[in-house]
Amino acid sequence: MKIWLDGALRDSESARVSVFDHGLTVGDGIFETVKAVDGRPFALTRHLDRLTLSARGLGLPDPDLDEVRRACAAVLEANPVPLGRLRLTYTGGHGPLGSDRGDKGPTLVVALGETTRRPDTTAVVTVPWTRNERGALTGLKTTSYAENVVALARAHEHGATEALFGNTVGQLCEGTGSNVFVVLGGEIHTPPLHSGCLAGITRHLVAEWTGAKETDLPLDVLREADEIFLTSTLRDVQAVHRVDDRELSAAPGPVTAKAMRIFDERSAADIDP
Ligand code: PLP
């Protein structure tokens with residue numbers, strides 16, 4: 001497997017990042033996961049915009065987007081797969097032990113994994129831990145994912161593939177790696193960004209293409225919603241058939257099925273929407 005590290009394509013077996021890289025020692029880094037269909041990255045411009053916003057939020061220098069684009073193209077060309085997930089990682093770079101940044105500049109890694117289309121439906125659980133809607137990192141796609149790793153392990157213990165968080169004021173927020181939508185009386189709603197959720201790219205496109213509304217939703221809405229679905233780069237639009245102990249009969253319901261269809265059609269028609 002060929003990956004991109006700091007300016008060049010390298011063999012993943014021999015590519016090396018410093019053991020003092022702050023992405024490793026203090027989780028000082030950001031990332032993007034970009035879907036690649038037949039070697040073409042989907043919504044790359046939006047991912048690069050979010051990468052820049054995350055870098056600024058962490059006080060990292062703006063990534064060189066020309067280099068990132070070249071890196072994505074080179075990695076995709078060197079590792080042809082029908083459906084891939086590009087992983088762009090950008091860290092504070094080599095620095096002293098402790099939280100002060102060094103002066104060697106950031107590290108950029110672009111790697112590729114093969115992936116498969118996710119099933120149309122899945123089970124989710126809610127977790128007792130909260131997303132902080134007012135934290136320094138809220139809304140940034142940082143590599144500090146340990147909380148999500150713990151929540152996802154809880155989901156797997158219950159035969160689910162995603163864990164949903166509320167925020168500190170009891171509102172529905174998001175999943176470990178996805179945004180959440182609910183259908184109430186035929187209308188589609190999703191938590192607003194001030195709930196603390198990530199500005200998901202799939203969330204944005206689905207909301208625009210289906211007319212979904214941003215609404216403050218209590219966590220309890222999951223007990224009464226007619227339909228629930230998740231969105232993310234790797235799930236696209238995925239219906240929820242079980243949330244905790246509640247089975248949602250006939251998932252995907254009609255509104256979710258329509259959202260799936262719209263997303264599939266529009267995203268196939270435009271690779272960089
Ligand atoms: N929320 C979180 C915490 C995520 O990590 C992700 C994606 O990884 C999403 C939502 C979905 O975002 P996107 O649709 O851009 O993949």
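Throughout, read-outs are computed from the coordinates displayed, never taken from laboratory work. Small disclaimer: the values here were computed from a predicted structure and weren't measured. All Cβ positions, glycine included, derive from the backbone under ideal geometry; neighbour counts span all protein chains shown.
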Where only C-alpha atoms are counted, convex hull volume of region 158-217 per residue in Å³: 99
Nearest 10 degrees is fine. How inclined is helix 146-157 to the longest principal axis of the chain, computing both from alpha carbons? 50
What do you get for Rg/Rh over region 183-273 if you use C-alpha atoms and the Kirkwood form of Rh? 0.95
Counted charge near Leu108, where neighbours are those whose Cβ lies closer than 9 Å (Asp, Glu -1; Lys, Arg +1): -3
Of the peptides 154-165, 197-208, how do they stack up when ordered by the mean number of other Cβ atoms within 10 Å, highest first? 197-208, 154-165
In percent, how large is the relative contact order of the chain, given Cα pairs closer than 8 Å and 6 or more residues apart? 18
Let me know the shape class of region 45-135, please: from the alpha-carbon gyration tensor, a ≥ b ≥ c as square roots of the eigenvalues, rounded when a/c is under 1.5, otherwise prolate if a/b is greater than b/c, or oblate. oblate
The farthest towards the positive end of the charge dipole of region 68-218, of the residues Ala155, Thr89, Gly177, given +1 on Cβ of Lys and Arg and -1 on Cβ of Asp and Glu, is Thr89
Extension reserve of the Glu247-Thr121 stretch, reckoned as 0.36 nm per residue once the Cα distance is removed: 44.2 nm
On a 0 to 90 degree scale, rounded to 10, what angle separates helix 65-78 from the longest Cα axis of the chain? 80
Once you order the gyration tensor axes a ≥ b ≥ c over the Cα atoms, which shape class does region 86-178 get: rounded for a/c under 1.5, otherwise prolate or oblate by comparing a/b with b/c? oblate
So if I place +1 on the C-beta of Lys and Arg and -1 on the C-beta of Asp and Glu, and nothing else carries charge, what would the dipole magnitude of region 44-163 be about its Cα centre? I want it in debye, nearest 20. 160
Per the Cauchy relation, a quarter of the hull surface: what is the mean projected area of the convex hull of the alpha carbons in the chain, in nm²? 14.1
For Phe263, Phe229, Phe42, which order do you get if you count the other beta carbons within 10 Å of each Cβ and list the fewest first? Phe263, Phe42, Phe229
